[in-house]
Amino acid sequence: MPAPALFVVSGLTQYAGAALAVGLFAVLPAGNVAWLRIAVSAVLLLAWRRPWRVRELWEPRRLGVTALFGVVLATMNVAFYIAIEHLPLGTAVALEFLGPVAVAAVTGSGVRDRAAIAVAAVGVVLLAGVSLDTGPGATTGLVAIGVAAACWAAYIVLGRRVARAGAPGVSGLAVAMAAGALVLAPFLAGGSGPVLHDARLAGIVVAIAVCSSVVPYALEQVVLHRVSAATFAILLALLPATATVVGAVLLQQWPHGLELVGLALVSGAIALTARSDPG
């Protein structure tokens, strides 16, 4: 399956998980929801992949990179969830995209890559519906989304190393998520008590983990193995574009005006990438 198609599938599952996560924010703080998502995903991936059987994963240097990738991934999720508690979603999405923009700008192999990420960035801003109407926690939100953007950039670079290290990338992802969950557990596990005493909440957390982490991050490991970091960064623009299309098809929320321009720009950026990277 082509890389853009994998991203569309990834986007569809992520938005299903996000819709479920919104309902938990009234019960648990956003940071705790994000940690639970990572912790449950780690358990599911460990049970599925059994990475302890893959000897290559446990070489000290490779294990260090994998663990760092997991901490970055977990921190990115927690920071983003905290940010959207204080900022409009569109603003947070657009600002977080600065991470992939930086990766494409630094690692891009030519004018085409840099032109594509510039076009994609403008498209994301138009699709996200950026709002300057921020609330009293705007400073907290801006700091959190800055951390999320930096982590997203590191996620692309480290994730590609994990995906291309020789061992199965999804097995490495299982180890990474376990490391991220363990490192953040002292800070966020304590507030997760309500989930342990409510089967319905526990089921929702499992569904969020599968939709928002297990499926999309496993697919991204496949894509990261195939394409360059710059191309991957540009393909990330498909995520908000997918959200717009899903909203049109399922919710009759048809894009118009600047959103249509954003869709056209993202499509153009992907077309530029396809011509320069066969993956």
(request) Please indicate, with yes or no, whether at least one residue in the range 159-169 is surrounded by fewer than 15 Cβ atoms within 10 Å (Cβ to Cβ), in contact with an Asp or Glu (Cβ under 7 Å, 6 or more places away or on another chain) and touching a residue at least 60 places away in the same chain (Cβ under 8 Å). (result) yes
(message) Just to check your reading of the model, which residue among Val195, Val214, Val223, Val206 is over 22 Å from the mean Cα position of the chain (by Cα) and crowded, with 17+ Cβ neighbours inside 10 Å?
(response) Val195
(request) Please go through the range 85-136 and pick out each residue that is at pLDDT below 75 and over 15 Å from Leu236 (Cβ atoms). (result) Leu89, Gly90, Ser109, Gly110, Gly129, Val130, Ser131, Leu132, Asp133, Thr134, Gly135, Pro136
(request) Take Ala3 and decide whether it is hydrophobic (A, V, I, L, M, F, W, C), surrounded by fewer than 19 Cβ atoms within 10 Å (Cβ to Cβ) and touching a residue at least 60 places away in the same chain (Cβ under 8 Å). (result) no
(request) For residues that are at pLDDT below 75, over 20 Å from the mean Cα position of the chain (by Cα) and open to solvent by less than 40 Å² (accessible area, probe 1.4 Å), scanning just the range 226-272, find the one that is farthest from Leu98 (Cα to Cα). (result) Ala248
(message) I'd like to know if the range 6-16 contains one or more residues that are surrounded by 14 or more Cβ atoms within 10 Å (Cβ to Cβ) and free of Cβ contacts under 8 Å to residues at least 12 places away in the same chain.
(response) no
(message) One residue is enough: does the range 128-142 have a residue meeting the conditions open to solvent by 20 Å² or more (accessible area, probe 1.4 Å), touching a His at 6+ places or on another chain (Cβ under 7 Å), in contact (Cβ under 8 Å) with a residue 24 or more places away in the chain and in a helix (DSSP H, G or I)?
(response) yes
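The values are calculated or read from the model by the stated rules, or taken from the named source; none is laboratory data. These figures come from a predicted structure and were not determined experimentally. Neighbour counts are summed over all protein chains in view; Cβ atoms, including those assigned to glycine, are modelled from backbone coordinates with ideal geometry. Just the protein is used for accessible areas: all its heavy atoms, side chains included, with ligands, DNA and RNA removed. Shrake-Rupley method; radii C 1.70, N 1.55, O 1.52, S 1.80 Å.
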